[in-house]
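The values are calculated or read from the model by the stated rules, or taken from the named source; none is laboratory data. Model, not experiment: these values are computed from the prediction. Heads up, the Cβs are rebuilt from the backbone with ideal geometry, glycines too, and the neighbour counts pull from every protein chain shown.
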Amino acid sequence: MDAFERAANESAVFALMRAGNYQGAEARLRTMLGHNANDARALALLADCHLNRKDWNEGLKIARHAANVEPDDPLVRQVLSYALQAGGQGKKAKQEALGLAEDIAAEDPEDSHALYSLAVARFNTGDHLGAKLLFEDAERFAGSAHELINVAHLRLREWNYAAAADLAQRAMLLDPNRHEIFEILAECALKRKQPVEAYELGLEALRLSPGNRSVMRLLTRARARARFWLKPCLPCIDWIVEMDRRGLVIVPALIAVIAFIFAVSLAYDLRKIEAGQSPAIILSVASGGVLLYALVSYVSAITARWRIRRDLRRISLPNF
């Protein structure tokens, strides 16, 4: 593979990752590594794919391998710093991540992404004030959609929804095809008690990133927020919505077990009443309550999944 072909492949990988297609990016990276198993930048990007899928241990392992091959490459150092922050264990890993982040930021004090990474590293080591100042610098120098999205996520965690929405809208002007933008705007709409708007924004995020679990949870929350009586069931509904098809079979089996316990307990209490004795109804009440909660959550989750997919087809582009 010549230098031109390699550069073209790397550009394609970046584009796939920006679109959230980590599986496609990984396939192309493995083709590159088939030509050169010690391609440090390809290894670093492969590590980044694993990290974005929350496979922390494998991501950190590959990032360290890339650093052993080419320790001075800026991309390799940046990915290793992120991997240490995400998957590193203990104080030593946090200090190593901080050292790398400081070195990267020192090379370009106006690099928003580097400042954001340094802020996260400082926050993880307990320097919250220093992190806050760096986050403000990262927002000031942000010039790409990725950088703006990073800071917008931070503003969400600070409950500063107006600032988060403004950053997301700025990012949309630069790259309207990032699902994170619509996810952030949907979160802000939920906090403004606008569940219908949040749902529509969430659908757009899901269209851009099909099957995204966090977006599915967001859409379910938006539907439940519009139905106030479902709010107590949200944790169970989220759990069910995240499951694959096997989980959707397992949950009814668990419900059947609870129903069996409830039926046995209720029959026992009824026999005691017929015998003129006072029944201990605690188990019947508890199992009945759990059964009702589980049934409402399961039916709501299944209905939400069906409606989300139906509504997603409504906004999807036609097949030409």
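Would you point out which residue out of Pro210, Pro279, Pro232, Pro252 is assigned by TED's automatic domain parsing to the domain that holds Ala165 and either touching a residue at least 12 places away in the same chain (Cβ under 8 Å) or at negative phi (or both)?
Values: Pro279 fails: assigned by TED's automatic domain parsing to the domain that holds Ala165; Pro232 fails: assigned by TED's automatic domain parsing to the domain that holds Ala165; Pro252 fails: assigned by TED's automatic domain parsing to the domain that holds Ala165.
Testing whether each residue is assigned by TED's automatic domain parsing to the domain that holds Ala165 and either touching a residue at least 12 places away in the same chain (Cβ under 8 Å) or at negative phi (or both) leaves just Pro210.
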Please work out which one of (1) over 30 Å from Arg207 (Cα atoms); (2) crowded, with 21+ Cβ neighbours inside 10 Å; (3) in contact with a Ser or Thr (Cβ under 9 Å, 6 or more places away or on another chain) is the condition Tyr82 fails and give its number. (1)
Expected output for segment 260-276 (first residue without any contact (Cβ under 8 Å) to a residue 60 or more places away in the chain, partner among the small types (Gly, Ala, Ser) and surrounded by 12 or more Cβ atoms within 10 Å (Cβ to Cβ), Cβ below 6 Å, 6+ apart or cross-chain) is Ile261/Ser287; Phe262/Ser287; Phe262/Gly288; Ser265/Ser284; Ser265/Ser287; Leu266/Ser284; Asp269/Ser284
Can you report the number of residues in segment 137-162 which are loosely packed, with under 15 Cβ neighbours inside 10 Å, of a type outside the set (Lys, Arg) and modelled with pLDDT under 80? 3
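Just give me the residues in segment 21-39 being in contact with a Cys (Cβ under 6 Å, 6 or more places away or on another chain) and either exposed (fewer than 14 other Cβ atoms within 10 Å of the Cβ) or at pLDDT 85 or above (or both), in sequence order. Walk me through how you get there before you give the answer.
Filtering segment 21-39 for residues in contact with a Cys (Cβ under 6 Å, 6 or more places away or on another chain) gives 22, 25-26.
Once the filter is applied, which keeps residues that are in contact with a Cys (Cβ under 6 Å, 6 or more places away or on another chain) and either exposed (fewer than 14 other Cβ atoms within 10 Å of the Cβ) or at pLDDT 85 or above (or both), segment 21-39 yields Ala25, Glu26.
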